[in-house]
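The values are calculated or read from the model by the stated rules, or taken from the named source; none is laboratory data. Bear in mind the structure is a predicted one, so any value in this text is a computation, not a measurement. No Cβ is skipped: glycine too gets one built from the backbone with ideal geometry, and neighbour counts run over all protein chains shown.
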Amino acid sequence: MYEIKVIDEFSGAHSLRHYKGKCESLHGHNWGVEVLVPDSKLNALGMVMDFKDLKSELKKVLSLLDHKYLNSLPYFKKKNPTSENIAFFIHKELSKRIKRRLKVSVWETESSAASVW
């Protein structure tokens, strides 16, 4: 099994609705985002896929979140903007652009991440 991985980041603010603690208040993060694309075989060039293409599509998706108040975005009007839901959103949007199996991890801090397959 092969896999490629790209890493990027975005900055944004959110508040966790119905959370009892500091994170219920407006605050921001510099989220790290990691995308893995696995495959059991390589293409004719010997790649899972071109890093350049994966990075480009990820940047387009992250531009929807970057420097935004996440709670105000349509997807997060009803979904709490937790790291899990942010990872799901990125996975959903990236999957529309790259018709492949993906794993998306969102790092809220250096020691805390959520992932979606």
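Taking the options 42, 62, name whichever one is touching a residue at least 40 places away in the same chain (Cβ under 8 Å) and either under 21 Å from residue 112 (Cα atoms) or buried (at least 17 other Cβ atoms within 10 Å of the Cβ) (or both).
62
Among the candidates 77, 96, single out the residue that is surrounded by fewer than 18 Cβ atoms within 10 Å (Cβ to Cβ), more than 10 Å from the chain's Cα centre (by Cα) and closer than 25 Å to residue 19 by Cα.
77
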Requested in this report: Return yes when residue 34 is modelled with pLDDT under 95, surrounded by 15 or more Cβ atoms within 10 Å (Cβ to Cβ) and not polar (S, T, N, Q) and no when it is not.
Outcome: no
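If you scan the range 100-113, which residues turn out to be under 25 Å from residue 50 (Cα atoms) and not charged (D, E, K, R)?
Our first condition is that a residue be under 25 Å from residue 50 (Cα atoms); within the range 100-113, this holds for 100-107.
The answer is 102, 104, 105, 106, 107.
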Report task. Taking residue 18 as the residue in question, decide whether it is farther than 18 Å from residue 102 by Cβ and in contact with a helix residue (DSSP H, G or I) (Cβ under 6 Å, 6 or more places away or on another chain). Result -> no
